[in-house]
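The values are calculated or read from the model by the stated rules, or taken from the named source; none is laboratory data. Treat the numbers as computed from the prediction; the structure is a model and nothing was measured. FYI the Cβ positions are ideal-geometry reconstructions off the backbone, even for glycines, and counts take in every protein chain you see.
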Amino acid sequence: MKIKPLVLALVSLCSSQSYAQSIAQLNFEQSLENITVNYGDVTSIARTNINPISDQYSLQINALSHFEIERSFELNQAFTKSTPFEVSFDVKLPALADAQFAQDILFYTSFTIEFNDGSQMQIYGSDAHVVPPQAQSIHSFDTKTTLPKNKKIKHVSVQWSMHLLEEMPVIFDNISATIGENHGETSTMIAHFPIQGNFESATQAQLNTYFRDNPTLIHFPTESGQSGVQINADDNGRFKLKFEKNNLFIVHSTPEYLATYVTLHNPGNKSLAVNFSGRADYTKELSGTANTIANYNTLVLAANETKRVPLVLDFSDDYYTSAISSVYFEIESNDLLVIDDLDMYSASNKIDGAIYQVLNDYEAGRIDFTTRYPDDVSIAIDQNSPLYGDKSLTLSLSPWRQASYSHFFPWGEEVFANQIHTQLDLKATQADYGKPIQVCTDVYYHGGERASFCEERVLGKGSFQINEIYTLDQSKALYRLLIRVRSFSSSTATVSIDNFSLKYWRHSQ
């Protein structure tokens, strides 16, 4: 489940964060920002200056029930490595708390990648964004997909779909699209397809084991060798092939996507329509099972044409993938089709080998936050209205007060690190709009120096998430790690937190 913020980087001392390329910042101050309605019973879409999320205007969609809106972002570039494409946004449903059906509203974000050759790949995930019936609240989210390498991308379109239980307005604002960096693909690549690469050493018996629908191993010159796999017609006359594998071995600690690259050849003398689709089921630390689906359904091969085709199955970036229970892909065409070669691997945008310092969903009732101000700050396990599961941790903060998690490294043990990753789900149940709530990651080095990284929310009540990787000075030994949640204003704040994860990447001197 994704609940993420549009946060403001407040301060970063003695360090820098990872590079991100901004594609667009949409605030609706001057226009609808090219947001379009794909389908649904939308009665109106317009800018509104009545209680906007921020500044003077927000985007308001009035709908009776189900609808989907879309925004396309132009890229016109190819990437040498698989690359994350990230979108963040703020949402509020001002009438939900007083509605006849005042309950959680789920909605989804999906992506469509349009390549330069006109083909498109759609990516869907089972993770839902959740807007609770919390009065006067604003909820911040982000999500991402992985852009495949070595194929020019024209556009990336983002779709938001929601099913309302009755007619009401939905407000969007602060939509941000960025391209991130891939630090980990080359170090985490692992083959998952049993006959990796071309089919020079494959046997018909192996094909019968790994594929359904009776493919044939054929021998003729291809771009990658002298052998290929021919997709034959089934009893219904459909040219179809399916590969499925269960319980994939995870050799690296942070798989974020599974990529399958297939070289397809049309041996015929007329154009060929091809559908290439796949699905992966996986388990996430702290937040359970999920699935991801990709569909490449607009591919056309001209007569005697060969194309390299990517299919990317994204795992959620909300906490790490602990197991991949199954994966399959399926290829279907309207005539004879040949696979020249195939590569399948899971990979990550992050460097492998991070070390956990904290992994706490609070279900065991373990409290890991403390305070120096017991008269001004209360810390307690909440079982009445937890964020997830049966328990969360609630912090009641007086003005300018904080609660914190602290870890001191053992005396005499020199630990060096180049990055630290903080993840934390939060919901402000009491907060004033415009009054900051801060979440800071402080890293103390031996010798007294400190690097402080703070994220700030000023949107008042609502849910958000910290999911940030910070770059550290790898030449200095670590002394202490400190995570602080505080009311950074003259107002009180009550914040529930859940799914706390803290990791760092060690560096050898």
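Any residue at all in segment 93-103 that's crowded, with 19+ Cβ neighbours inside 10 Å and within 30 Å of residue 329 (Cα to Cα)?
No, every residue in segment 93-103 fails to be crowded, with 19+ Cβ neighbours inside 10 Å and within 30 Å of residue 329 (Cα to Cα).
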Query - Complete set of residues in segment 260-289 that are among the small types (Gly, Ala, Ser), in a strand (DSSP E or B) and at pLDDT below 90 - result: 288
Query raised in the report: Name the pairs whose Cβ atoms lie under 7 Å apart, with the first residue in segment 244-266 and under 17 Å from residue 210 (Cβ atoms), the second of a type in the set (Phe, Trp, Tyr) and at pLDDT 90 or above, and 6 or more positions between them or separate chains?
Result: 244/328; 260/329; 262/276
Report task. Select, from 346, 316, the only residue that is of a type in the set (Ser, Thr, Tyr), touching a Leu at 6+ places or on another chain (Cβ under 9 Å) and touching a residue at least 60 places away in the same chain (Cβ under 8 Å). Result -> 346
Query raised in the report: Looking at segment 450-459, is at least one residue aliphatic (A, V, I, L, M), within 21 Å of residue 388 (Cα to Cα) and in the same structural domain as residue 380 (by TED's automatic domain parsing)?
Result: no
Query raised in the report: Failed condition for residue 130, given (1) assigned to a strand (DSSP E or B); (2) in contact with a Phe, Trp or Tyr (Cβ under 8 Å, 6 or more places away or on another chain); (3) crowded, with 17+ Cβ neighbours inside 10 Å, with all others met?
Result: (2)
Query raised in the report: So how many residues does segment 487-506 have that are over 12 Å from residue 396 (Cβ atoms) and over 24 Å from the mean Cα position of the chain (by Cα)?
Result: 5
**Report entry** Total residues in segment 62-113, condition more than 25 Å from the chain's Cα centre (by Cα) and of a type in the set (Val, Ile, Thr)
**Finding:** 0
Report summary line: The condition of being assigned by TED's automatic domain parsing to the domain that holds residue 171 and touching a residue at least 60 places away in the same chain (Cβ under 8 Å) holds, among 46, 63, only for 63
Report task. Answer yes if at least one residue in segment 464-472 is of a type in the set (D, E, K, R) and either at pLDDT 95 or above or in contact with a Lys or Arg (Cβ under 9 Å, 6 or more places away or on another chain) (or both), and no otherwise. Result -> no
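Out of all the residues in segment 403-418, is one or more polar (S, T, N, Q), in contact (Cβ under 8 Å) with a residue 60 or more places away in the chain and under 30 Å from residue 130 (Cα atoms)?
So the first thing to find is which residues in segment 403-418 are polar (S, T, N, Q), and the list is 404, 406, 418.
Next, only the ones that are in contact (Cβ under 8 Å) with a residue 60 or more places away in the chain stay: 404, 406, 418.
Remaining after also requiring under 30 Å from residue 130 (Cα atoms): 404.
For segment 403-418, residues polar (S, T, N, Q), in contact (Cβ under 8 Å) with a residue 60 or more places away in the chain and under 30 Å from residue 130 (Cα atoms): present.
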Report summary line: Picking from 149, 154, the residue that is outside the structural domain of residue 419 (by TED's automatic domain parsing), at pLDDT 95 or above and surrounded by fewer than 19 Cβ atoms within 10 Å (Cβ to Cβ) would be 154
Query - Any pair with Cβ under 7 angstrom, 6 or more apart, that starts in segment 20-40 at a residue that is within 24 Å of residue 66 (Cα to Cα) and ends at one that is among the small types (Gly, Ala, Ser) - result: 28/58; 40/63
Report task. Can you run down the residue pairs with Cβ atoms below 7 Å, 6 or more apart or on separate chains, where the first is in segment 82-99 and farther than 24 Å from residue 148 by Cβ and the partner is of a type in the set (Ser, Thr, Tyr) and not in a strand (DSSP E or B)? Result -> 92/137
Query - Given (1) outside any loop (DSSP other than H, G, I, E, B); (2) surrounded by 20 or more Cβ atoms within 10 Å (Cβ to Cβ), index of the condition residue 182 fails - result: (1)
Report summary line: Restricting segment 462-494 to residues that are surrounded by fewer than 21 Cβ atoms within 10 Å (Cβ to Cβ) and of a type in the set (Lys, Arg), the one nearest to residue 174 (Cα to Cα) turns out to be 484
Requested in this report: Please state which one of 429, 371, 394, 422 is in contact with a strand residue (DSSP E or B) (Cβ under 6 Å, 6 or more places away or on another chain) and within 30 Å of residue 179 (Cβ to Cβ).
Outcome: 422
Query raised in the report: From the set of residues in segment 393-418 that are surrounded by 13 or more Cβ atoms within 10 Å (Cβ to Cβ) and over 20 Å from residue 440 (Cβ atoms), which is nearest to the chain's Cα centre (by Cα)?
Result: 416
Report task. Looking only at segment 326-339, decide whether some residue is touching a helix residue (DSSP H, G or I) at 6+ places or on another chain (Cβ under 8 Å) and of a type outside the set (Gly, Ala, Ser). Result -> no
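Quick check on residue 365: is it within 24 Å of the chain's Cα centre (by Cα), surrounded by fewer than 21 Cβ atoms within 10 Å (Cβ to Cβ) and more than 30 Å from residue 83 (Cα to Cα)?
Details: within 24 Å of the chain's Cα centre (by Cα): no; surrounded by fewer than 21 Cβ atoms within 10 Å (Cβ to Cβ): yes; more than 30 Å from residue 83 (Cα to Cα): yes.
So residue 365 fails the test.
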Report summary line: Screening 64, 75 for residues that are under 16 Å from residue 178 (Cβ atoms) and not charged (D, E, K, R) leaves only 75
Query - Pairs where the first residue, in segment 359-376, is closer than 13 Å to residue 400 by Cα and not assigned by TED's automatic domain parsing to the domain that holds residue 321 and the second is surrounded by 12 or more Cβ atoms within 10 Å (Cβ to Cβ) and at pLDDT 95 or above, C-beta under 6 Å, 6+ apart - result: 371/377; 371/403; 373/401; 376/398; 376/401
Query raised in the report: Could you count how many residues in segment 397-406 are under 17 Å from residue 451 (Cβ atoms) and touching a Lys or Arg at 6+ places or on another chain (Cβ under 7 Å)?
Result: 2
Query raised in the report: What residue, among those in segment 431-461 that are closer than 14 Å to residue 485 by Cα and of a type in the set (Gly, Ala, Ser), is surrounded by the fewest Cβ atoms within 10 Å (Cβ to Cβ)?
Result: 452
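For (1) in contact with a strand residue (DSSP E or B) (Cβ under 8 Å, 6 or more places away or on another chain); (2) closer than 24 Å to residue 113 by Cα; (3) not assigned by TED's automatic domain parsing to the domain that holds residue 210, each residue gets a yes or a no:
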position	(1), (2), (3)
281	yes, yes, yes
284	yes, no, yes
288	no, no, yes
293	yes, yes, yes
308	yes, yes, no
313	yes, yes, no
321	yes, yes, no
325	yes, no, no
